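Coordinate-derived values only; no laboratory data. These numbers were taken from a predicted model, which means no experiment stands behind them.
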Amino acid sequence: MTSKSDYFQLIWGFALILAGIGVFAYVIPQRVPEIIEFRKIALYSFDMFFIYFCFVLMGILLCIGGGKKIYRYFRVNGENEEE
């Protein structure tokens, strides 16, 4: 039997994955050009490399964290159904 906290963890996992996808689909293409224009820096400078790296790392970590929560939910509930 799954509890309410198990369902919450599943929903939280999907929310994390959607947030990670949002970083790749919205933040990087929309906000990075604004940062370039605001700071008046070159596209291939170290500052921009660091900003891209941070955004990509944040998106990857969000997707991995959400995936781990979803995987753990189905692994634990799959073991309970066999009993």
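Between Gly22, Gly59, Gly13, the GNM of the chain built on Cα springs shorter than 10 angstrom shows Gly22 fluctuating the most. Taking the three principal axes of the alpha carbon atoms in the stretch 27-69, the coordinate ranges are 40, 19, 10 Å, sorted in descending order. Calculated from the alpha-carbon coordinates, the chain shows an Rg and a Dmax of 18.1, 62 Å respectively. Largest mean-square fluctuation among Ile41, Ile60, Ile21, in a Gaussian network model of the chain whose springs join Cα atoms under 10 Å apart, belongs to Ile41.
Relative to the longest principal axis of the Cα atoms of the chain, the long axis of helix 4-22 makes an angle of roughly 20 degrees.
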